[in-house]
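Nothing in this text is a laboratory measurement; each read-out follows from the coordinates by a stated rule. Being a predicted model, the structure only gives us computed values, none of them experimental. Neighbour counts run over all protein chains shown; Cβ positions are idealised from the backbone, glycine included.
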Amino acid sequence: MVWMKVKVVGLHQDSMVPVVIITDREEKGFIQIAIGPAEAAAISHGYEGRKHPRPLTHDLLKNVIEAFNAKVDKIVIHDLRDETYYARICLKTKDGEMEIDSRPSDAIALAVRTDAPIYVSEEVVAKALQVIEPPRDEDMEEFRKFLETVTPEDFQRNFRRD
């Protein structure tokens with residue numbers, strides 16, 4: 001299994017559909033999962049640590065799990081079929097471990113509220129992981145060389161007011 005983390009919740013640049021993007025530890029690859037607007041808001045609220053006067057659905061789920069003296073151990077995105085991801089919420093209870101079928105968006109919304117790790121199976125990674133290729137064109141190389149030589153004084157010189 002590959003440990004992943006939420007990188008961003010936003011809109012797909014072409015379709016404008018809400019997505020959650022999860023990345024590997026080194027941020028060399030990512031998986032983009034299409035979600036609904038409500039799910040995007042739920043993940044964002046938990047990721048940003050927003051508190052509400054009354055518990056929202058995923059806050060309620062967290063509270064219920066904790067009321068039964070259980071803990072979200074991890075979530076696992078374990079399958080990808082017909083462009084649909086499948087996940088499990090893995091709980092530790094006084095009676096042992098328990099797995100609950102879940103949509104990835106709900107599992108992720110719960111994980112960000114409970115600081116539970118997010119894992120993706122090797123099979124899903126093989127199908128879905130998109131590798132981030134660093135730009136290698138001449139303009140980027142020239143820009144890197146410029147950054148190595150630029151000083152704060154160079155910027156001051158250009159922003160002086162007369």
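In the elastic network of the chain, a GNM with C-alpha springs shorter than 10 Å, the most mobile of 105, 121, 15 is 15. Reported value for the chain: 199 Å³ per residue, from the convex hull of its C-alpha atoms. The amide H of residue 35, built 1.01 Å from its N in the peptide plane, has 19, 20 as neighbours under 5 Å, considering only residues 5 or more places off or on other chains. Site pair residue 17 and residue 94 shows an inter-label distance of 4.4 nm when each label is modelled 7 Å from Cα along Cα→Cβ.
Dipole orientation for the chain: of the candidates 53, 30, 143, 53 has the Cα lying most toward the positive pole (charges on Cβ; Lys, Arg +1; Asp, Glu -1). Net length available on complete extension from residue 126 to residue 149 is 4.2 nm, with 0.36 nm assigned per residue and the Cα-Cα distance removed.
Dipole check for the range 2-134: with +1 at the C-beta of Lys and Arg, -1 at the C-beta of Asp and Glu, and the Cα centre as origin, the magnitude is about 540 Debye.
Cross-linked pairs 71/127; 92/127; 7/74; 94/127: Cα-Cα separations exceed 25 Å for 71/127; 92/127; 94/127. The GluC sites (Glu not before Pro) of the range 27-102 that DSSP puts in a loop, and whose beta carbon has at most 11 other beta carbons within 10 Å, are 27, 48, 83. In this simple spin-label model, placing a label point 7 Å from the Cα along the Cα-to-Cβ direction at both residue 1 and residue 142 gives a separation of 4.8 nm.
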